[in-house]
1. Please verify whether region A:13-35 includes one or more residues that are over 27 Å from A:H193 (Cβ atoms), among the hydrophobic types (A, V, I, L, M, F, W, C) and open to solvent by 20 Å² or more (accessible area, probe 1.4 Å).
2. Which condition does B:S187 not pass, out of (1) more than 10 Å from chain A (Cβ to nearest Cβ); (2) part of a strand (DSSP E or B), if it passes all the others?
3. Within region B:180-206, track down each residue that is within 19 Å of the chain's Cα centre (by Cα) and on the phi > 0 side of the Ramachandran plot.
4. Just for strands (runs of 3 or more DSSP E) wholly inside region B:12-69: which have at least 1 residues that are hydroxyl-bearing (S, T, Y) and touching a helix residue (DSSP H, G or I) at 6+ places or on another chain (Cβ under 8 Å)?
5. Looking only at residues that are touching a Phe, Trp or Tyr at 6+ places or on another chain (Cβ under 9 Å) and free of Cβ contacts under 8 Å to residues at least 40 places away in the same chain in region A:64-77, which one is surrounded by the most Cβ atoms within 10 Å (Cβ to Cβ)?
6. Could you say whether any residue in region B:91-105 is surrounded by 15 or more Cβ atoms within 10 Å (Cβ to Cβ), touching a residue at least 60 places away in the same chain (Cβ under 8 Å) and polar (S, T, N, Q)?
7. Among the residues that make up region A:157-167, is at least one of them touching a Lys or Arg at 6+ places or on another chain (Cβ under 7 Å), under 20 Å from B:V160 (Cβ atoms) and surrounded by fewer than 23 Cβ atoms within 10 Å (Cβ to Cβ)?
8. Could you check how many residues of region B:37-61 are open to solvent by 20 Å² or more (accessible area, probe 1.4 Å) and under 18 Å from B:L114 (Cα atoms)?
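The values are calculated or read from the model by the stated rules, or taken from the named source; none is laboratory data. Keep in mind it's a predicted model, so treat the numbers as computed, not measured. Note that each Cβ is placed from the backbone with ideal geometry, even for glycine, and that neighbours are counted across all protein chains shown. Heavy atoms of the whole protein, side chains included, go into the accessibility calculation; ligands, DNA and RNA do not. Shrake-Rupley method; radii C 1.70, N 1.55, O 1.52, S 1.80 Å.
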Number of protein chains: 2
Amino acid sequence: MIERIEYADGATPLTGWLARPSGEARAAVAVFPTYMNTTPAVEAKSLALAEAGCVAFVGDFYGPDSPHDADTALAAMLSLRADPVAMRKRLRATLTKLADIAPGLPMIAIGFCLGGMSVLELARDGADLALVASFHGLLATPLPATAPIAPRILVCHGDVDWLVPRTEVLAFWEEMDRVGADWQFMSFAGVDHGFTNLLNPDGSANPAYHATADRQSWAALLGLIDEVAPPPL
Amino acid sequence: MIERIEYADGATPLTGWLARPSGEARAAVAVFPTYMNTTPAVEAKSLALAEAGCVAFVGDFYGPDSPHDADTALAAMLSLRADPVAMRKRLRATLTKLADIAPGLPMIAIGFCLGGMSVLELARDGADLALVASFHGLLATPLPATAPIAPRILVCHGDVDWLVPRTEVLAFWEEMDRVGADWQFMSFAGVDHGFTNLLNPDGSANPAYHATADRQSWAALLGLIDEVAPPPL
């Protein structure tokens, strides 16, 4: 069901994972995973997007050094984020590959955790997308938006996300308003970081998983996909 | 399709409007209108709830003095709100009548504008509801919650609602958190008060109407109704 795709960011080889709909595709969705890179959880989301009629392509943050446990993933993420311009270039490699694979479709980017931050970085960077959606993503940025943002923005946020205090929520709204972005924000009381993930990186149950927030936020995404890429009648 | 129902709050006669599903009902929903009292817009929402398998009962705020234009409606609303305890009693009359009409079902209350404030007032007052949903409702209250709140809470809010500044959004979150309420908050950038209403009270087009916010917020409501009152398999 999921096809391995090799691509590259300059000299860095990357490995993505592609899911295709059974019928004609209505949109191409880049899916950016958590700091753990591709996991079964994010593959399940890409399969759900394929069910919904989208080509879904899980991007690779790291290349050959892709981490396999939480400690190495944290180090890899911090390394990636240490150079925000290089990070945006890395993210754009996934969009470029997806546009090659599925040309001519409305393009969307979604992401979880670091992936949520990533899709907002792409929006801030001027990527030509119809929609971006962040799920428990980081909202702060080293390079705040200074130019109009093309994609519509959906942010799905756990109100007690320990990585994203309310001050950053307000700062995000203000940053987005300064450039006239079209955003929707869903916040869930008592819900912590990682609410879409059933499992922790070590495979144990994730206490932050929140079935309602997961389902409501996914429904909001599907509703907006229907707007930017209507399903066939 | 909509049945006129006479009821009362003490000596004040009230007139509600009832919509029933074609099959077996899964929930009873009290629908509180805007300060204009029952309008075709709110009747359409109650019919949509009946389509979704709910008994929907549009409550009456005012009784025989129900206003027919924006000026008299404003005066009537201010009169109702001048006594917050009496207002809560008035709102509870609708819940009581609905429980008589459709006993034994999970009870839900939704509302728009003054009706959005109303369902939050009922939640703060300890009403035994499974879910309340406010659409462009006022979030401030003369009687903040001091006891645990039973219903789940959905608030759908236009971020530039001229009646609800961000300071009141934050104050609402803090009020709800103090009593451990289970809330979800959807906010829509650039969307003003009244975003579910196609028409102004005078019948002219409402510039604040926002099709996406209307649709996404309604979908969020239906998602939560599915959780508190699952549809038949």
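1. Going through region A:13-35, the residues over 27 Å from A:H193 (Cβ atoms) turn out to be A:13, A:18, A:20-28.
Next cut, among the hydrophobic types (A, V, I, L, M, F, W, C) only: A:18, A:25, A:27-28.
So of that shortlist, the ones also open to solvent by 20 Å² or more (accessible area, probe 1.4 Å) come out as A:25.
There is at least one residue in region A:13-35 that is over 27 Å from A:H193 (Cβ atoms), among the hydrophobic types (A, V, I, L, M, F, W, C) and open to solvent by 20 Å² or more (accessible area, probe 1.4 Å).
2. (1)
3. Hit for region B:180-206 is B:G194, nothing else.
4. Numbers: elements: B:12-19, B:27-32, B:54-58.
Passing ranges, in order: B:12-19.
5. First pass over region A:64-77, keeping only residues touching a Phe, Trp or Tyr at 6+ places or on another chain (Cβ under 9 Å): A:67, A:70, A:73-74, A:76-77.
Cutting the leftovers down to free of Cβ contacts under 8 Å to residues at least 40 places away in the same chain gives us A:67, A:74.
On the way: A:P67: 18, A:L74: 14.
Taking the candidates together, the pick is A:P67.
6. Checking region B:91-105: at least one residue is surrounded by 15 or more Cβ atoms within 10 Å (Cβ to Cβ), touching a residue at least 60 places away in the same chain (Cβ under 8 Å) and polar (S, T, N, Q).
7. In the first step, residues of region A:157-167 are kept if they are touching a Lys or Arg at 6+ places or on another chain (Cβ under 7 Å); the result is none.
No, the conditions are met nowhere in region A:157-167.
8. Taking region B:37-61 as the starting set, the residues that turn out to be open to solvent by 20 Å² or more (accessible area, probe 1.4 Å) are B:38-41, B:43-45, B:47-48, B:51-52.
Now restrict to residues that are under 18 Å from B:L114 (Cα atoms): B:38-41, B:43-45.
Selection size over region B:37-61: 7.
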